[in-house]
1. Going through the range 51-104 one residue at a time, which ones are under 20 Å from A24 (Cβ atoms), in a helix (DSSP H, G or I) and touching a residue at least 60 places away in the same chain (Cβ under 8 Å)?
2. Can you tell me how many residues within the range 19-32 are surrounded by fewer than 21 Cβ atoms within 10 Å (Cβ to Cβ) and touching a residue at least 24 places away in the same chain (Cβ under 8 Å)?
3. Identify all residues within the range 1-38 that are within 20 Å of G92 (Cβ to Cβ) and assigned to a helix (DSSP H, G or I); write none if there are none.
Amino acid sequence: MAKSLGIFVSSPDSLQHAIGITKAAKAKGSTVKVFFTWKATTLSKDPAFPGLCELADDVSICVDSYKKQGFAVDDVPAGLTAKKMATQAQHGIMIEDFDCYLSL
């Protein structure tokens, strides 16, 4: 059975790390969920962000953090749906339900 990996991203310097780790985990058959919070929500505007959304099994961002970074809540980043503009409950899901957890 493949493992699952939850990646919690709070650093605005971590997008390429998140992408690389996601690629490696997917290559080994793992399920990957990525959750962006605080200043890392600005990474949702990076041109590479939609590619991560396609690669990972689930990607969401903290809508409250996104708003605090100056973005409008209805400005849904490319690669996400409005439903993926979520709360910190997504972070809790990773801690509770995923085999492995990584914080960037």
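FYI, it's all coordinate maths here, none of it is from the lab. A quick note: this is a predicted structure, and the numbers were derived from the prediction, not measured. Counting neighbours? That spans all protein chains shown, and the Cβs are built from the backbone with ideal geometry, glycine included.
1. Across the range 51-104, the qualifying residue is only M94.
2. Step one: list which residues in the range 19-32 are surrounded by fewer than 21 Cβ atoms within 10 Å (Cβ to Cβ), which gives 19-21, 23-24, 26-31.
So of that shortlist, the ones also touching a residue at least 24 places away in the same chain (Cβ under 8 Å) come out as 19, 21, 23, 26, 28-31.
Result for the range 19-32: 8.
3. A18, W38 - these are the residues of the range 1-38 that are within 20 Å of G92 (Cβ to Cβ) and assigned to a helix (DSSP H, G or I).
Matching residues to (1) over 21 Å from D99 (Cα atoms); (2) touching an Asp or Glu at 6+ places or on another chain (Cβ under 6 Å); (3) of a type in the set (A, V, I, L, M, F, W, C):
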| residue | (1), (2), (3) |
| --- | --- |
| Q16 | yes, no, no |
| K26 | no, no, no |
| V32 | no, yes, yes |
| T37 | no, no, no |
| L43 | yes, no, yes |
| P50 | yes, no, no |
| L55 | no, no, yes |
| V63 | yes, no, yes |
